Amino acid sequence: MKITLRATPATQQSSLLLFGLFEDEEFSGELKAVDKALGGYIKQLMKQQLIKTELGSLYPIIHPKMEKCPLLLVGCGKKSEWDAKKCKHAATIAFKHIHSTPINKVACYLTELPIKNQSVPFLVRQLTDAIFTSDYRFDAFKSKKQPASHLKEVMMHLPDHKHQKEAEIALKQGIAIANGAAFTKDLGNMPSNICTPTYLRDAAKKLAKEHKLSITVLDKKQMEKQKMGAILGVTKGSREEPYLIILEYKGANKKHKPYALIGKGITFDTGGNSLKPADSMVGMKYDMCGAATVLGTLKAAAELKLPVNIVGIIAAVENMPGGNAYKPEDILTSLSGQTIEVISTDAEGRLILADALTYCERYHPETVIDIATLTGAVVIALGHHATGLLSNDDNLAADLLKAGHDSQDKAWQLPLWEDYQEQIKSPFADMANVGGRAAGTITAACFLSRFAKKFRWAHLDVAGTAAMMSGTSERRATGRPVPLLVQYLINRASE
Ligand code: BES
Ligand code: MN
Ligand code: ZN
């Protein structure tokens with residue numbers, strides 16, 4: 001699908017014109033002209049209340065005077081309440097409909113509805129996102145596939161010429177982020193009998209080949225040699241080979257330190273011998289979404305040719321119970337040399353991340369961000385709207401909060417005070433892997449912080465945002481936080 005930006009009306013070349021309608025406002029520029037050409041037809045329909053302006057309501061209109069140019073009107077609610085979220089919502093509904101029709105060319109005039117305090121390029125990004133995400137489907141395992149969209153071209157109208165350059169950049173970014181997020185969603189949605197650590201390794205290899213990234217893979221033997229006791233503890237109960245996958249994107253001079261992204265890649269989390277109840281196990285194929293986010297972000301960064309260096313590290317492991325599996329009260333010696341008493345084998349994510357963080361030191365990273373579906377507690381704290389953010393560096397935290405805001409992929413910071421560290425004391429080892437029910441997200445981050453002392457580090461707990469895991473038909477990966485991370489890298493690259 002092609003998206004073009006143009007400041008002149010595209011009425012002649014299109015097969016469909018898409019307009020938004022506010023409840024309390026005059027028609028915007030081009031719609032005014034179209035309505036005039038139709039002798040006030042649309043105004044009339046509105047007057048008779050046959051067309052309403054409720055957010056997301058759709059009205060296809062064919063008029064004899066514009067036979068070759070049907071209109072699609074989408075309700076946008078009150079102008080005073082119009083914001084980024086509503087804009088994306090209205091656009092998603094409109095494009096979902098368009099994707100299901102034979103229409104192949106659309107002129108989109110939703111850019112004529114400005115969002116308060118936001119630029120036209122920002123609007124372009126939001127709309128681009130809606131155009132692509134409304135066409136996302138995961139039917140690899142359905143016998144009957146949904147027919148593919150016929151849409152070939154969207155001409156996005158620009159209110160004037162002065163934003164052309166920035167809007168082109170926003171469009172490119174929007175497309176790269178949508179592609180990266182779709183890649184992340186595909187991996188997340190894949191079932192764990194197919195998406196094993198080996199599958200993640202192969203997906204990483206394929207991505208590396210396509211985007212000229214360098215890749216290193218450590219298998220179990222190599223992890224043993226390195227003494228990655230924490231990862232090796234978690235993998236013990238599984239018949240699947242674990243992998244530590246390292247990808248490097250070099251978009252800048254060697255002398256620039258890389259931004260490190262570390263992903264939790266538990267391809268299925270049964271809880272291990274601290275077995276999860278059956279109901280809580282549904283959704284645990286998504287426990288590798290952190291890893292999938294690292295891959296999706298690298299894909300987008302490479303597509304955008306961002307002038308930065310990035311190292312992506314993925315710990316890919318399956319967490320299973322069984323006769324050979326690690327057990328509560330086992331003590332593991334991590335790669336860092338610190339010892340860990342396992343209280344729950346279900347707190348496995350922080351264990352594999354611990355060794356990945358230590359391994360990361362050798363890259364002398366500029367900053368390190370780990371992405372993990374780490375705690376159920378973050379869903380209790382923040383629900384499904386914000387990613388939990390914890391960091392040992394307030395500037396890095398601020399940069400990530402801003403990136404979340406800029407990309408509309410929000411995060412919210414929780415404190416990482418020393419006060420919480422005592423909850424993970426162990427009488428037998430340097431630390432325990434759980435800190436009780438209170439502040440579960442914070443104590444998990446406290447645990448990680450002990451392996452992140454040598455660099456500026458932030459932790460993104462995406463258990464509530466990377467996927468909708470409950471409900472039988474509503475389960476799906478979201479592609480978050482790919483937009484936040486790509487935005488962070490874009491912002492860093494432009495400084
Ligand atoms: N993968 C889970 C976290 C999770 C829970 C993600 C729900 C998405 C939805 C993680 O490995 C886990 O089991 N965490 C435990 C930690 C506890 C044992 C300290 C949890 O949150 O219950
Ligand atoms: Mn677990
Ligand atoms: Zn887990």
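The values are calculated or read from the model by the stated rules, or taken from the named source; none is laboratory data. In this text, all values refer to a predicted model and were calculated from it rather than measured experimentally. FYI the Cβ positions are ideal-geometry reconstructions off the backbone, even for glycines, and counts take in every protein chain you see. When the accessible area is computed, the model is the full protein with side chains, heavy atoms only, and any ligands, DNA or RNA have been set aside. Shrake-Rupley method; radii C 1.70, N 1.55, O 1.52, S 1.80 Å.
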Requested in this report: Report, ordered by chain and residue number, the lysines lying within cross-link reach of residue 221, taken as a straight Cα distance under 17 Å and ignoring same-chain residues fewer than 8 apart.
Outcome: 236
Report task. Quick one: what are the phi-derived ³J(HN,Hα) couplings along the range 40-46, Karplus 6.51/-1.76/1.60 with θ = phi - 60°, whole Hz, x for glycine and proline? Result -> x, 4, 5, 3, 4, 4, 6
Report task. Report, to the nearest 10°, how far helix 482-493 tilts away from the longest principal axis of the Cα atoms in the chain, using its own Cα long axis and a range of 0 to 90°. Result -> 90 degrees
Requested in this report: With label points built 7 Å along Cα→Cβ from the Cα atoms of residue 494 and residue 281, find their separation and express it in nm.
Outcome: 4.8 nm
Report summary line: Under the 7 Å Cα-to-Cβ spin-label approximation, residue 344 and residue 142 lie apart by a distance in nanometres of 3.6 nm
**Report entry** Dipole magnitude of the chain, debye to nearest 20 (Cβ charges: Lys/Arg +1, Asp/Glu -1, about Cα centre)
**Finding:** 1440 debye
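At 0.36 nm per residue, and after removing the present C-alpha to C-alpha distance, how many nm does the segment from residue 206 to residue 8 gain when stretched out fully?
Values: separation 198, 0.36 × 198 = 71.28 nm, distance 4.14 nm.
So the extension gain works out to 67.1 nm.
Please compute one quarter of the surface area of the Cα convex hull for the range 16-77 and express it in square nanometres.
Details: hull surface 14.8 nm².
It is 3.7 nm².
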Report task. Can you work out the accessible area per residue across the chain, with the rest of the protein chains kept in place, probe 1.4 Å, in square angstrom? Result -> 44 Å²
Report summary line: In degrees, nearest 10, the alpha-carbon axis of helix 394-407 is tilted away from the dominant principal axis of the alpha carbons of the chain by 30 degrees
Query - Using θ = phi - 60° and Karplus 6.51 cos²θ - 1.76 cosθ + 1.60, couplings along the range 280-289 (whole Hz; Gly, Pro as x) - result: 6, 7, 5, x, 7, 5, 7, 6, 10, 5
Query raised in the report: Ignoring ligands, DNA and RNA, what percent of the 1.4 Å accessible area of the range 2-159 is carbon and sulfur?
Result: 53 percent
Report summary line: Residue separation between residue 165 and residue 255 times 0.36 nm, minus their alpha-carbon distance, gives in nm 29.3 nm
Report task. Kindly express, to the nearest 10 degrees and within the range 0 to 90, the angle between helix 349-360's C-alpha long axis and the longest C-alpha principal axis of the chain. Result -> 90 degrees
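Counting only helical runs of four or more DSSP H residues, what would the 222 nm mean residue ellipticity of the chain come to if each run contributes -39,500 (n - 2.57) and the total is spread over all its residues? Walk me through the numbers before you get to the answer.
Details: 15 runs with 174 residues, N = 495.
-11000 deg cm²/dmol, from helical runs alone.
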Requested in this report: Place +1 on the Cβ of every Lys and Arg and -1 on the Cβ of every Asp and Glu in the chain, take the dipole about the Cα centre, and give the residue among 8, 115, 334 whose Cα lies farthest towards its positive end.
Outcome: 8
Report summary line: Hydrodynamic calc, the chain: Kirkwood Rh from Cα pairs, then Stokes-Einstein at 20 °C with viscosity 1.002 mPa s, so D in µm² s⁻¹ is 90 µm²/s
**Report entry** Options 226, 322, 458, ranked by Cα towards positive dipole end of the range 178-494, top entry (Cβ charges)
**Finding:** 226
Report task. Please turn the phi angles of the range 446-459 into ³J(HN,Hα) values with the Karplus equation 6.51 cos²θ - 1.76 cosθ + 1.60 (θ = phi - 60°), one per residue in order, whole Hz, x for glycine and proline. Result -> 4, 4, 4, 4, 6, 10, 10, 6, 8, 8, 6, 9, 9, 10
Requested in this report: Distance between Cα centroids, the range 108-160 to the range 1-77: provide it in whole Å.
Outcome: 17 Å
Report task. Identify all lysines with a Cα-Cα distance to residue 32 below 20 Å; exclude those on the same chain that are fewer than 8 residues away in sequence. Result -> 43, 47, 52, 65, 68, 78, 79
Query raised in the report: Points 7 angstrom from Cα along the Cβ direction at residue 47 and residue 152: gap in nanometres?
Result: 4.0 nm
Query raised in the report: Going highest first, how would you order 287-293, 441-447 by mean Cβ packing within 10 Å?
Result: 287-293, 441-447
**Report entry** Long-range HN-HN contacts of residue 369 with modeled amide H, under 5 Å
**Finding:** 260, 261, 262, 458
Report task. Leaving ligands, DNA and RNA out of it, report the carbon-plus-sulfur percent of the accessible area of the range 178-494 at a 1.4 Å probe. Result -> 51 percent
Query - Cβ-Cβ FRET estimate between residue 80 and residue 26, R0 fixed at 22 Å, reported to 0.05 - result: 0.95
